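Worksheet for the structure shown next.
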Amino acid sequence: MAKVVSGFNRVLLMAIAISTAELMINSQVAGAEEIAGLHADIALAEQSQHDPITARGFESSVDPEVTLLSEVDRPATTITDWMAQIAQQTAATVTITDIQLIPTDAGVDVLLMTESGTFSSPEIQQVGNALIAEIPNAVLDISGDDAFQQFDPVEGIVLIEALTVDQQTVRLTITGTDAPPVVSAGSGAENLMFSVAAGDPATATVDDETIQVVVTGEQDGYVVPNANTATRTDTPLRDIPQSIQVIPQAILEDQQVLRLNDALRNVSGAVQASGDPRGQRFILRGFESASVLRDGFRLTNGANGNVGFQELSQIEQIEVLKGPAAILFGAIEPGGVINLVSERPSREPFYDLSFRLGNRDLVEPSIDISGPLTDDGSVLYRLNALYRNEESLRDFDTDIERVFIAPTVSFAIGDRTDLTFQLEYLEEDRPADFGLVAVGDEVADIPFDQILGEPGDINRTDSLLASYQFEHRFNDSWKVRNSFSYNQFDTEFISAFPFGGVDEATGILFRNFILLDQPTDSFELQADVVGEFSTGPIDHTLLFGVDLFRIEFNNNIGRADFFSPTPINIFDPVFGGTPAPDFDEAPILFEGISDQTDLLGIFVQDQITLLDNLKLLVGVRFDAFEQEVVTGPSFFTPEGIDTRTTGDAFSPRVGLVYQPIEPVSLFASFSRSFSPNTATTISGDIIDPERGEQFEVGVKSELLDGRFSASLAYFNITLENVATPDPDFPTFSVATGRQRSQGIEIDLIGELLPGWNFLANYALTDADITEDNTDIEGNRLFSVPRNNFNLWTTYDIQGGLLEGLGFGIGFNFVGERFGDNANSFTLGSYFLTNAAISYERDNWRLGLNIRNLFDVDFIESASNSRTTEIDPGEDFTIIGSVAVSF
């Protein structure tokens, strides 16, 4: 169709918009008088292309309904022009349905979103203080409008404007206050993002040089280019000299992940250590109790503390840092940390409603809504809420019932200051399931759904997490941050608990009813300063911080009636023979425990760019801690116990990244960790903290223009001061144990072709006990497989009648493991098959996922015991979902 809007009309419309903008910003922005000239330059550039008469200074008298000759599509006169016209005509037009402005530390991200199609590479031209991006084969349709404007989105940017300039081009104009902005572009499957920062007037140039922008990065897909966990700064993964894997929300949605253990199958060397009803525990790189964080706040103190079954419905991504991380997080186990990154409020309002159904009577409605609370967008909110009810995979009468709500409110106090408040409340009932038992050198040969407690055993959890994050940016280079988190976690269970072991000849398991109430409170305060500066040709990103952490186990209560045991035959169980006692009258197992640990940490870190392809990371942390355990009179200790210890630790980290070519990073690093012990010596002293250290080398690569990433790493970790039995007094401990884990990990993730996402990982782990006072020296660490492999791949049809239909398939292999450090019994290897089918059209999404397709019986984890927490994995599981967004 011939174009009918003349160049004069477009200039007139632009002039009206510019005049309106000037009236709005003249009183706010210094130097606003230059804007008129700037827009005149833009108008002149536009006119010179379509109206040469006006461009020479003459008033145009062209009839606005008359098509100019310059606007008529001309036939190609060369083969090159002809090929270009064919490419332009055959390229699919992308409809931009939403534009979001997301503030960042450097400025703002401009996100252009579409429901289908792939963006072509934009061409950016500088005119005055503006950068103009021409996006070919695209049109703008935001709630029926073909234009978008936002004045003063962040400091240093006057205007961001987008409009459709013809039938197949969208023009995005980003205007700086005193200088042209600095812009980089990246795209995902259904978005195009421009990262914008204010320019420096001292180095600004005004010319018409055209800048070609290569579209890189996968913002909405499986590849996440940056992460915060490893450095507390938003650093590209390729520049971090330590292994870190990121599980994006796209994978969580494609796999319909409900629990953290299923999510971590996407990370090499990560396996479950225990499915304790009070909270899952995990193994990273051979070491148990990898600390779980929420937005960088510790939910545990090393191996101490239950963390529950974390809710993932409001998680943006999961970042897994491998190896010691004490430099940033203090008392941490050496295997690494698992950081759950929460979703943030959105500037653009949206409403997402979803509903899940599954076998074992799964029912789960949920909502996720967000948007501005004020007209100017300075106050934003987000609300996640969920209800879930499902039967246990084992034969308990107690269902799993969960209520979760998480409101978040953020305030833009000024152009440079932000404050965010978060609240999470979780209430859950689930069976107090302590798993199976071992007989001989294997798990007892009984049905995996058979329980060994009583059908009514129950664990109740109440959790409240409240936090705030404050940030003030002094300028584009320096900022200060302050954050605080309070976590109240209370778990209580009543169970027929195995206390006396199992008679393997007769199958009699000795049990006693127990009530255990374990409330925990933790407090964490973080404050740091981040600055960017240069010393000659060397660039620095400096981080200096202080944090305080306290975890309290207050008034823990345990009651059990050891004089009224309730044995059961595991091969021929009869339930209900002995009713649960009145726990108000039951003997006290322990009561009034007060276990408090305080830690003060001070750290400094410098990310140094020695050359464009050579980066150095150095840092050190000093921690001082005090630990006190007070136990009142109990069944075992009639006079109670009162112990106190203090100590300190230095935790350095140093790493180097060399990039011989842009997509490849070679790295090497050394790091340390520490974690306070809880075991006591014969003299009543708490033994010295555990100390871990890691050497790691590896290579990371970004392929297919950043849509696919691969990493290979070798690591060697040693852990010292492990509590071992005192040779003379076995009920007490000495710190003589030593453990070592070494291995190789491979991770592949990304988009191989449009619509085809792929993830695979493999870990070879050799984890052994190298020193011990008992005969277990030389044994393998429990629950750690030598070989672990996972694969997941999906394909979404990109066009035609079946566009939006997707398929997925995946496999999980875990090799043989030992169930305890004594290596007295084994857990067999297993191989699982998973599948998925989905359909997405407009704002609707349907999904159907099957886990353990062939209903394989397998043991997922064991906890270094023959009689508790030997946990069977989920059998055949099917989950269907429907979701709508608007």
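The values are calculated or read from the model by the stated rules, or taken from the named source; none is laboratory data. Worth saying up front: this structure is predicted, and the values here are computed from it rather than measured. Note: ideal-geometry Cβ built from the backbone for every residue, glycine included; neighbour counts use all protein chains shown. Heavy atoms of the whole protein, side chains included, go into the accessibility calculation; ligands, DNA and RNA do not. Shrake-Rupley method; radii C 1.70, N 1.55, O 1.52, S 1.80 Å.
Of all residues in the range 474-493, which are in a strand (DSSP E or B), within 28 Å of the chain's Cα centre (by Cα) and of a type outside the set (Gly, Ala, Ser)?
Listed by number, the residues that qualify are Trp478, Lys479, Val480, Arg481, Asn482, Phe484, Tyr486, Asn487, Gln488, Phe489, Asp490, Thr491.
Out of Ala496, Ala466, report the one residue that is part of a strand (DSSP E or B) and surrounded by fewer than 21 Cβ atoms within 10 Å (Cβ to Cβ). Reasoning before the result, please.
Details: Ala496 fails: surrounded by fewer than 21 Cβ atoms within 10 Å (Cβ to Cβ).
Unique residue meeting the criteria: Ala466.
Considering only the range 341-385, how many residues are closer than 22 Å to Ala432 by Cα and within 25 Å of the chain's Cα centre (by Cα)?
Here the count works out to 1.
Which residue pairs have Cβ atoms closer than 6 Å, lie 6 or more positions apart in sequence or on different chains, and pair a first residue in the range 768-790 that is among the basic types (Lys, Arg) with a second residue that is open to solvent by less than 40 Å² (accessible area, probe 1.4 Å) and at pLDDT 95 or above?
From residues that are among the basic types (Lys, Arg), the pairs are Arg780/Asp768; Arg786/Gly815.
What pairs can you find where one residue is in the range 614-625 and part of a strand (DSSP E or B), the other is charged (D, E, K, R), and their Cβ atoms are less than 6 Å apart, with a gap of 6+ or different chains?
Lys615/Asp239; Val618/Asp606; Gly619/Arg653; Ala624/Asp648
Out of Ile132, Ile124, Ile96, which single residue is surrounded by 16 or more Cβ atoms within 10 Å (Cβ to Cβ), in a strand (DSSP E or B) and modelled with pLDDT under 85? Working first, answer last.
Working: Ile132 fails: modelled with pLDDT under 85; Ile96 fails: modelled with pLDDT under 85.
Only one candidate passes the filter, namely Ile124.
Looking at Pro241, is it surrounded by 22 or more Cβ atoms within 10 Å (Cβ to Cβ) and at pLDDT 90 or above? Give the derivation first.
Details: surrounded by 22 or more Cβ atoms within 10 Å (Cβ to Cβ): yes; at pLDDT 90 or above: yes.
When the stated conditions are applied, Pro241 passes them.
Which condition number does Thr770 fail, the rest of (1) of a type in the set (Val, Ile, Thr); (2) buried (at least 17 other Cβ atoms within 10 Å of the Cβ); (3) in contact with an Asp or Glu (Cβ under 8 Å, 6 or more places away or on another chain) being met?
All conditions are met except number (2).
Can you tell me which residue within the range 845-863, out of those that are farther than 7 Å from Asn834 by Cβ and β-branched (Val, Ile, Thr), is most open to solvent (accessible area, probe 1.4 Å)?
Of everything passing the filter in the range 845-863, Val856 is most open to solvent (accessible area, probe 1.4 Å).
Which residue out of Asp152, Asp105, Asp145 is under 30 Å from Ile797 (Cα atoms) and not β-branched (Val, Ile, Thr)? Steps first, please.
Numbers: Asp152 fails: under 30 Å from Ile797 (Cα atoms); Asp105 fails: under 30 Å from Ile797 (Cα atoms).
Among Asp152, Asp105, Asp145, only Asp145 is under 30 Å from Ile797 (Cα atoms) and not β-branched (Val, Ile, Thr).
If you scan the range 697-716, which residues turn out to be open to solvent by 70 Å² or more (accessible area, probe 1.4 Å), under 19 Å from Val224 (Cβ atoms) and in a strand (DSSP E or B)?
Leu703, Leu712
Answer yes or no as to whether Asp254 is touching a residue at least 24 places away in the same chain (Cβ under 8 Å), out of contact with any helix residue (DSSP H, G or I) (no Cβ under 6 Å at 6 or more places or on another chain), buried (at least 22 other Cβ atoms within 10 Å of the Cβ) and of a type in the set (Asp, Glu). Break it down stepwise before answering.
Values: touching a residue at least 24 places away in the same chain (Cβ under 8 Å): yes; out of contact with any helix residue (DSSP H, G or I) (no Cβ under 6 Å at 6 or more places or on another chain): yes; buried (at least 22 other Cβ atoms within 10 Å of the Cβ): yes; of a type in the set (Asp, Glu): yes.
Yes.
Condition (residue is open to solvent by 30 Å² or more (accessible area, probe 1.4 Å), more than 26 Å from Val856 (Cα to Cα) and assigned to a loop (DSSP other than H, G, I, E, B)) applied to the range 749-761: is it met by at least one residue? Spell out how you get there, then give the answer.
Residues of the range 749-761 open to solvent by 30 Å² or more (accessible area, probe 1.4 Å): 752-754, 756, 758.
If we keep only those that are more than 26 Å from Val856 (Cα to Cα) too, we end up with 752-754, 756.
Add one more test, that the residue is assigned to a loop (DSSP other than H, G, I, E, B), and what stays is 754.
Within the range 749-761, one or more residues are open to solvent by 30 Å² or more (accessible area, probe 1.4 Å), more than 26 Å from Val856 (Cα to Cα) and assigned to a loop (DSSP other than H, G, I, E, B).
Confirm whether Glu693 is farther than 30 Å from Thr833 by Cα, of a type in the set (D, E, K, R), in contact (Cβ under 8 Å) with a residue 12 or more places away in the chain and not in a loop (DSSP other than H, G, I, E, B).
Numbers: farther than 30 Å from Thr833 by Cα: yes; of a type in the set (D, E, K, R): yes; in contact (Cβ under 8 Å) with a residue 12 or more places away in the chain: yes; not in a loop (DSSP other than H, G, I, E, B): yes.
For Glu693, the condition - farther than 30 Å from Thr833 by Cα, of a type in the set (D, E, K, R), in contact (Cβ under 8 Å) with a residue 12 or more places away in the chain and not in a loop (DSSP other than H, G, I, E, B) - is met.
Would you confirm, using the coordinates I've provided, whether Leu719 is out of contact with any helix residue (DSSP H, G or I) (no Cβ under 8 Å at 6 or more places or on another chain) and surrounded by fewer than 17 Cβ atoms within 10 Å (Cβ to Cβ)?
Against the criterion (out of contact with any helix residue (DSSP H, G or I) (no Cβ under 8 Å at 6 or more places or on another chain) and surrounded by fewer than 17 Cβ atoms within 10 Å (Cβ to Cβ)), Leu719 does not qualify.
How many of the residues in the range 624-656 are at pLDDT below 80, of a type in the set (Ser, Thr, Tyr) and surrounded by 15 or more Cβ atoms within 10 Å (Cβ to Cβ)?
Count: 3.
Applying the selection to the range 469-493, what residues are open to solvent by 30 Å² or more (accessible area, probe 1.4 Å), under 30 Å from Gly107 (Cβ atoms) and of a type in the set (S, T, N, Q)?
If the condition is that a residue be open to solvent by 30 Å² or more (accessible area, probe 1.4 Å), under 30 Å from Gly107 (Cβ atoms) and of a type in the set (S, T, N, Q), then Gln469, Asn475, Ser477, Asn482 are the ones that fit.
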